[in-house]
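The values are calculated or read from the model by the stated rules, or taken from the named source; none is laboratory data. This one's a predicted model, so the numbers in the text were calculated from it and none came from an experiment. Counting neighbours? That spans all protein chains shown, and the Cβs are built from the backbone with ideal geometry, glycine included. Protein only, heavy atoms only, side chains kept; ligands, DNA and RNA dropped before computing areas. Shrake-Rupley method; radii C 1.70, N 1.55, O 1.52, S 1.80 Å.
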Amino acid sequence: MLHLQSPQMLQMLKKSLWKSLPESLKVYGTVFHMTQGNPFKLKALVDKWPDFNTVVIRPQEQEMTDDLDHYTNSYQIYSKDPKNCPEFLGLPEVINWKQHLQIQSSQSSLDEVIENLVAIKLGKVKRTQCLLYMVSETTKKLVHSMQDSKNLSPNGDNHKSINQKTLKLSSLDVTHAALVNKFWSFGGNERSQRFIERCIQTFPTFCLLGPEGNPVSWCLMDQTGEIRMGGTVPEYRDQGLVSQVICAQIRAMDKLGFPMYSHVDRANHIMQRVNFNLKSISLPCDWNQWNCVPL
């Protein structure tokens, strides 16, 4: 096991992961953020270097003080050969299997590996599998072979303009975390709210403020570079507001060169349509999250 610490090593890792897109997307996006100052204080571990097989991105040990906080105890994994990565992933210095944790990856092929490891470690696991979309601007820069994908909608610029008399484009404040947490399907608890607060404090956020100055629609970015936690309060739904917020985020982050992508539940046809209208590319790989709990 090797901990990649120098900026040069992280740049080499990012370049190598770029060659494996879109399957390496979840890890690539995280490493990109690490090369931009590493605001979430993450560490990159590989089984060997430079010709690595498996890379794991995880928080530094001093960040993982709450054994029950799977939002913080979060790992991103990419493996060139999933069948030969269980020994590496089983190391306690790579993954702390004694904690409540979550593993994220764009590789469904890791499912059997993780299931078996959790069984060996005497735990239980719940997998969430969603559709994975990449913003067209990111696709043009990173995955040239997918630029002319049939999934690219010709209607991406037909979103409504913001009614500036009643709505104002702005950013979220940490005091808005409770509102975001209330509507986040993976949230609704104290630990998820702390995670949201940290994302708001660390990364650019975008929202629309209503006449009373409160957010009515929003989206955030997490430590993996993913556009997440988008939502709209019920009384403002069906107006295309979240599309406008996401468009604002895409324009701003594209100028900074950030890779942008998102996941959508297979049953959430509204957000699937939003991604279609925004010209986002439906990727051939999935968004996977495994929530692991020791018994």
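Remarks
- Close pairs from segment 187-202: first farther than 17 Å from L42 by Cβ, partner open to solvent by less than 60 Å² (accessible area, probe 1.4 Å) and of a type in the set (D, E, K, R), Cβ under 7 Å, at least 6 apart: R191/D69
- The set of residues from segment 45-91 being in contact (Cβ under 8 Å) with a residue 60 or more places away in the chain, of a type in the set (S, T, Y) and assigned to a loop (DSSP other than H, G, I, E, B) comprises Y71, T72.
- In the set K26, K48, only one residue is at pLDDT 95 or above and surrounded by 18 or more Cβ atoms within 10 Å (Cβ to Cβ); that residue is K26.
- Test: residue in segment 251-261 that is over 17 Å from K141 (Cα atoms), within 16 Å of the chain's Cα centre (by Cα) and open to solvent by less than 40 Å² (accessible area, probe 1.4 Å): no
- R228 meets each of the listed conditions (1) of a type in the set (D, E, K, R); (2) farther than 22 Å from L131 by Cα; (3) not in a helix (DSSP H, G or I) apart from (2).
- Residue match in segment 93-116 (condition: over 29 Å from G188 (Cα atoms), open to solvent by less than 10 Å² (accessible area, probe 1.4 Å) and part of a helix (DSSP H, G or I)): no
- Qualifying residue in segment 144-161 (condition: more than 22 Å from N288 (Cα to Cα), in contact with a Leu (Cβ under 7 Å, 6 or more places away or on another chain), surrounded by fewer than 19 Cβ atoms within 10 Å (Cβ to Cβ) and modelled with pLDDT under 90): yes
- Test: residue in segment 242-250 that is open to solvent by 10 Å² or more (accessible area, probe 1.4 Å) and not in a helix (DSSP H, G or I): no
- Subset of segment 265-288 [closer than 17 Å to Q104 by Cα, in a loop (DSSP other than H, G, I, E, B) and open to solvent by less than 20 Å² (accessible area, probe 1.4 Å)]: none
- If you go through segment 172-221 and keep only what is touching a Pro at 6+ places or on another chain (Cβ under 7 Å), more than 24 Å from D265 (Cβ to Cβ) and of a type in the set (A, V, I, L, M, F, W, C), you end up with just L209.
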